[in-house]
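The next block holds one structure in the form of structure tokens; read it before the comments.
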Amino acid sequence: MVIQSTLSTHTLSVVLPRAIQSEMVTVSVKKGDRLDIVADAWHMENDCHYEWQAHFAPGDADMPSVRARFAPDGKLTITVQRRVPGQTSGYSRGPLGTRF
């Protein structure tokens with residue numbers, strides 16, 4: 001997984017094997033400014049499970065802004081807006097999961 005950051009956005013991206021379909025990917029926002037990403041091809045025995053955690057500095061990432069895209073070529077791209085210092089989010093920070 002590659003992580004790129006600008007002044008306004010963190011972008012995480014990875015190209016997954018063709019066996020991984022969008023419904024096999026889960027992106028979860030966790031407490032502590034953390035993302036959990038799991039891709040699991042349950043019908044295969046080898047090279048079928050991928051897992052990442054991304055941790056952001058406290059208050060740096062606007063976790064409710066997390067957006068994920070799964071392209072037909074298998075590229076998963078996750079964007080997270082960065083907070084302006086002193087900015088607060090309008091959402092509570094409870095866990096949420098995104099299934100494609």
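The figures follow:
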item: Residue in region 20-43 that is part of a strand (DSSP E or B), in contact (Cβ under 8 Å) with a residue 12 or more places away in the chain and open to solvent by 80 Å² or more (accessible area, probe 1.4 Å) present; result: no
item: Failed condition for residue 22, given (1) modelled with pLDDT under 95; (2) in contact with a helix residue (DSSP H, G or I) (Cβ under 7 Å, 6 or more places away or on another chain); result: (2)
item: Some residue of region 86-93 being modelled with pLDDT of 95 or more and either surrounded by 17 or more Cβ atoms within 10 Å (Cβ to Cβ) or among the β-branched types (Val, Ile, Thr) (or both); result: no
item: Identity of the residue in region 44-84, open to solvent by 70 Å² or more (accessible area, probe 1.4 Å), in a loop (DSSP other than H, G, I, E, B) and free of Cβ contacts under 8 Å to residues at least 12 places away in the same chain, that ends up farthest from residue 6 (Cα to Cα); result: 45
item: Residue, farthest from residue 68 (Cα to Cα), within region 1-17, restricted to residues that are open to solvent by less than 60 Å² (accessible area, probe 1.4 Å) and outside any strand (DSSP E or B); result: 17
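The values are calculated or read from the model by the stated rules, or taken from the named source; none is laboratory data. What you see is a predicted model; the values in this text were computed from it and never measured. Note: ideal-geometry Cβ built from the backbone for every residue, glycine included; neighbour counts use all protein chains shown. Only protein heavy atoms, including side chains, enter the accessible area calculation; ligands, DNA and RNA are left aside. Shrake-Rupley method; radii C 1.70, N 1.55, O 1.52, S 1.80 Å.
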